[in-house]
1. Which residue is modelled with the highest pLDDT, if the candidates are limited to region 11-38 and must be assigned to a loop (DSSP other than H, G, I, E, B) and surrounded by 11 or more Cβ atoms within 10 Å (Cβ to Cβ)?
2. Does any residue in region 30-42 that is without any contact (Cβ under 8 Å) to a residue 40 or more places away in the chain come within less than 8 Å, Cβ to Cβ, of a residue that is assigned to a strand (DSSP E or B) and charged (D, E, K, R) six or more places away or on a different chain, and which pairs are these?
3. Looking at (1) modelled with pLDDT under 90; (2) surrounded by 12 or more Cβ atoms within 10 Å (Cβ to Cβ), which is the one condition that is false for Ala41?
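The values are calculated or read from the model by the stated rules, or taken from the named source; none is laboratory data. It should be emphasised that the depicted structure is a prediction, and the values quoted were computed from it without experimental measurement. Note: ideal-geometry Cβ built from the backbone for every residue, glycine included; neighbour counts use all protein chains shown.
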Amino acid sequence: MLVFATRKNIELLSGCPCWFVDNTFKDVLWIFTQHFTILGAVEQDARTANQSILALPFVFALLSNKDEKLYTSRFPKLLKL
C-alpha cells in the first residue's frame, strides 16, 4: 500500500464531521489492484447564505490487493496519524 497525503490534509480531514471513501478498480497501474480515496465533508463558504457541503479528497492510497486483512491491518494506522 502506498499512501499519499500531506500533514495539512490529515489535519483538515480530522476536523471533518463526515468521511467518505471511494474505490476504483479499473483505472490503476497494473502493479496495483485499486485506488482508494478518503474524502471529507467541508462547508464551501460559511459567510454566505448559499452554504453548501463539498466532499473533498484528502488521502489517496494505491493498494496491491483486495484482501480484507489489508483493510483491517492498515487503515486503523491511518486513523492514528
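1. Step one: of region 11-38, the residues assigned to a loop (DSSP other than H, G, I, E, B) are 15-18, 25-33.
Of the ones still in play, those that are also surrounded by 11 or more Cβ atoms within 10 Å (Cβ to Cβ) are 16, 25, 28, 32-33.
Values: Cys16: 91, Phe25: 67, Val28: 66, Phe32: 77, Thr33: 73.
The selected residue is Cys16.
2. Correct list of pairs: Phe36/Asp22; Thr37/Asp22; Leu39/Asp22.
3. (1)
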